[in-house]
Structure formats: C-alpha cells, structure tokens
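So the structure is just underneath, and the comments pick up after that.
What follows is calculated from the coordinates using simple rules that are stated; it is not laboratory data. None of the values given here were measured: they were computed from a predicted structure. Glycine gets a Cβ as well: all are built from the backbone with ideal geometry, and neighbour counts include every protein chain shown.
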C-alpha cells in the first residue's frame, strides 16, 4: 500500500482547517460532557427517572441484555460440577437478610401458593419424600468471589411434577419469600426448571445449618448467590416479575450466569 | 503566499472510532473498578509478602469507589455494547479499507521496533524508514486490539460462565478468567500512560492529526518549488 496522499496547501488553508476541526471536536466534547453532567444529576436524584435504583435507560438496556442471553440459555448448559471432596468445609455466610430473630424451625411449613386463593402447606417430610439430588458446584457471588460447595435437596422440576404444578410452571416467573418477608426474589421459570436447580435441605451431607437458611433454601447454579434465597417461606408463580430484594437496590433482575 | 505539504493521515472513520473509544474505555475501567472493589483480592507479591495491593483504602476513597457495586455493574453491562460495537466496526474498517496493511507489524517490525525504542531513549539518532506508523507503533496498536478482544472474551466468560463453559475452560477456569480480565485492564492503563506520554512528546502537529485528519509534513525543506519561485520573484522586484 502506498503511503498517505499528499497535498500542497497554503498555510492559511491549514489554519482554517485546524480551526474548523477543533471547533467541531470541541462542540462534540461539550455536548457529550453536558449530557453526562445532566445524566449524573439525574442519577443522584431519587425521582421518576429511576427504575429500581438505576436510571430508566440503564434498566432498559439490562432488560435487553436479559432477552439476548435468554436466547443463549439452555437446559443443556450445565454449571460445572466437582467431586464431593473438592467442596469446602467452611462455607461462607454472606448475609442474614430474612433469617428472622427467633425462627422456630420445627414449626416451619412451606407455603405454596398454587393460585391466588389456593394455598397448600408442605412439611419438610413432604419434600424429602421426593428423590434426592446432590450437587457440588462453584457457587458464585455477585461480589466476585466463588466457592465450591456441596448441596443436597429436591430438583425443582421434580417438585413441580409431584405437586401437580405443570400449569403454573408455564408461567414466566417464580417468586420466593422468606417467612418474615424481609428477603424475596423473583426468578424466570426457565432457570427454576433448569435440571441443577434444587430446593435444598442439606449442606455437606448434613441438615442445612440455621445460618444457611434451614430448613429449606434455594440452590440455583445458573444464578448469582443473591438469588439463592435462604429459608423459603412462600413460593408462588406469576406472569409478572415478582418483587426482588436486590433488584430494588439497583441490581440486575435476571442475574443469570 | 506560503505553502506546505500536508498528508491525509487518519481517515475520518478512525478518528471517530478513536474518540468514541477513549471515554467508553474510561467508563469501562471506572465501572470495572466499582465492581472489583467488592472482592479486591489481587496483589503483587509472594507468600505473605505483598509488594503492591490492588488497591488500598486511600486510592478507593479518593476515587469514591466503595459501595457502588450495583452502579458499577449497570454501567459496565450497558457500555460493554458500545465498547464491543465500536471495536468491531474499527476492526472491520481496518480490514475493508486495507488500512490494516499500515497497522499490522510487517516483517521488519520486530527488528525495527528495537531501533525505534533506542531512538526514543536518545541512544540512536535516526528512525528507521516508515509509512504511517513506525515498527513500535505497529506492534503496540496491534497488541491493543488483541487486548480489546481479550477483554471481551474474558469478560464474557465471567459474565455468563455457565452458558460459555467452554470459553471459561479455555481461559483456565472462572477465577483465572477474572484475573486475566483484571490484568488486561491494568495493561490498558499502562498503554494509556505510554500513549499519553508519546502523544505529548510527538507534539501538536501529530495530535492535530487525530482531530483534523491531516498532518503537516515535517521537513526542513517543506517549502514548495512554487514558493521558492515566488520568493525569488519578490526578491528580484
């Protein structure tokens, strides 16, 4: 390839072109900087320009990201699993939201809302009657750390079949609340029905400890830890996004891996 | 009337790609820092000995980094598209305009880049003959494209590790992919620093090229024949 094209011009021309170039460039910089300034002013306002903690435009893009990565999502894509011996003994406890102060594990029942006005209560024994599934996987926190951990419980898809929830499973979302309703998540049904998603009652082969959400928690390897709700009190189905604790604080609703 | 030879150095498209990329990359690095803060485990050192921790409290506090993870993620996953699309268009432009021939390292580039370095260090006098970019620039600007691709791939691996498990495996696992993403970011910062110094050292004429597209040919004898003639004419009168 030849070197760049040469041109002979007068110094006046050079000056003229330089000034024009700088003016256009400066104008663009001013436009962008003022847009950014307006944006950051909106950012700090808790006004109608925000959607759950972040500006509406950002929320729109994050939701678009969800639609895009939903296309790639497949039940065939499994989280990597590890031998049981790789699982850590000291499992990190990263939060106690929704754990309650004087929670009585023995009185616990799962409140399963099949339809508005049609609620049943299940004991841990009802759930344990289903086939048990163990999973050892790399639990990933949205903060950036991860830990190989070992969990045991009932596949959510088995749970759906057992309790005649096929119709409900066709709805878009599943909502979960802690017994005190202080922590709550909403999860797309596709991710809930993923073969590695379990209603978990064991950790490292022993009953789930209190600080890990005894007696029953969610383990969903296709999501960040914020979605693995500890101590499930209520479970329901919806075609609209159920409320989500961290979503309201500005995090991505989908939070899928 | 005085006249000068100018060369069309940077096509308009490249100037746009460059100046879009600059603030976008800055946003990506800043928002990445907001995310990294939540699990800031990297350091330079061995065993218990730490030479440099990434990063210390004064650094975070000065830049107002702490407790902004959600904000950082929202910025990162919005502007990633701009970074990706701008980079993709840039690479496509390089290919279709054949501009890549001026940018990719040529056969002599490895040998010559050494001579260029010696020249910058004031050890060697002249520069090897070059077209648009010298050998060191060819290498640096090609590497920085590869770094961009690397950032996108390592980023994708830690963003959707279950959906792209094969990619995570190739990068050495989830933890490694995160570390690689971080190291690439440090390299971008290093690139920026060197680039900035070089641009300042090269001076106004070179910098103007990235805005207006043209550069005045720097030759002592950059006075055209016509000009000489007209000067002579003036003198004779």
>> Taking R0 as 60 Å, what FRET efficiency do you get between residue A:16 and residue B:54 from their Cβ-Cβ distance, rounded to the nearest 0.05?
In response: 0.80
> What ranking of B:125, A:109 emerges when the number of other C-beta atoms within 10 Å of each C-beta is taken as an exposure proxy, fewest first?
Replying inline: B:125, A:109
> Using a Gaussian network model of chain B with C-alpha springs under 10 Å, which one of B:15, B:138, B:122 is most mobile by mean-square fluctuation?
Replying inline: B:122
> Packing-wise, with mean Cβ within 10 Å as the measure, how do B:96-107, A:114-125, B:162-173 rank, highest first?
Replying inline: B:162-173, B:96-107, A:114-125
> Once you average over the residues of B:39-51, how many Cβ atoms of partner chains fall within 10 Å of each Cβ?
Replying inline: 1
>> Nearest 10 degrees is fine. How inclined is helix B:109-120 to the longest principal axis of chain B, computing both from alpha carbons?
In response: 80
>> If I stretch the segment between residue B:189 and residue B:81 completely, what's the gain in nm (0.36 nm per residue apart, minus their alpha carbon distance), one decimal?
In response: 36.9 nm
>> Sort A:55-63, A:14-22 by the packing proxy (mean of other Cβ within 10 Å over each peptide's residues), most packed first.
In response: A:55-63, A:14-22
>> Please compute, for peptide B:4-11, the average count of beta-carbon atoms on other protein chains lying within 10 Å of each residue's beta-carbon.
In response: 4
> Distance in nm between label sites at residue A:123 and residue B:124, each 7 Å beyond Cα in the beta-carbon direction?
Replying inline: 8.5
>> Given a Förster distance of 25 Å, report the FRET efficiency between residue A:6 and residue B:16 from their Cβ-Cβ distance, rounded to the nearest 0.05.
In response: 0.60
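Given only helices, namely DSSP H runs of n ≥ 4 each adding -39500 (n - 2.57), what is the per-residue ellipticity at 222 nm of chain B, to the nearest 500 deg cm²/dmol? All intermediate terms of the calculation are to be shown ahead of the outcome.
Values: 10 runs with 156 residues, N = 237.
My calculation for chain B gives -21500 deg cm²/dmol from helical runs alone.
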> Roughly what % antiparallel, to the nearest 5, for the DSSP beta bridges in the protein assembly as shown?
Replying inline: 95
> Once both axes come from the Cα atoms, what is the angle between helix A:11-44 and the longest principal axis of chain A, in degrees from 0 to 90, rounded to 10?
Replying inline: 30
>> Could you identify which residue out of B:19, B:176, B:46 has the top mean-square fluctuation in a GNM of chain B using Cα springs shorter than 10 Å?
In response: B:46
> Which one of B:202, B:157, B:26 has the biggest mean-square fluctuation once chain B is modelled by GNM with Cα springs under 10 Å?
Replying inline: B:202
> Ranked by Cβ crowding within 10 angstrom, fewest neighbours first, how are B:91, A:185 ordered?
Replying inline: B:91, A:185
> Summing -39500 (n - 2.57) over the DSSP H runs of n ≥ 4 in chain A and dividing by its residue number, what mean residue ellipticity at 222 nm do you reach, to the nearest 500 deg cm²/dmol?
Replying inline: -8500 deg cm²/dmol
>> Quick check: the angle from helix A:56-72's long axis to the longest principal axis of chain A, C-alpha only, nearest 10 degrees?
In response: 60
>> Please compute, for peptide B:157-164, the average count of beta-carbon atoms on other protein chains lying within 10 Å of each residue's beta-carbon.
In response: 6
> Using the count of nearby Cβ atoms within 10 Å as a rough guide to exposure, how do B:10, B:195, A:170 rank from fewest to most?
Replying inline: A:170, B:195, B:10
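Calculate, in nm to one decimal, what residue A:39 and residue A:134 gain on full extension: separation in residues at 0.36 nm each, minus their alpha carbon distance. Numbers along the way, then the final one.
Working: separation 95, 0.36 × 95 = 34.20 nm, distance 4.75 nm.
Stretched out fully, the residue A:39 to residue A:134 stretch lengthens by 29.4 nm.
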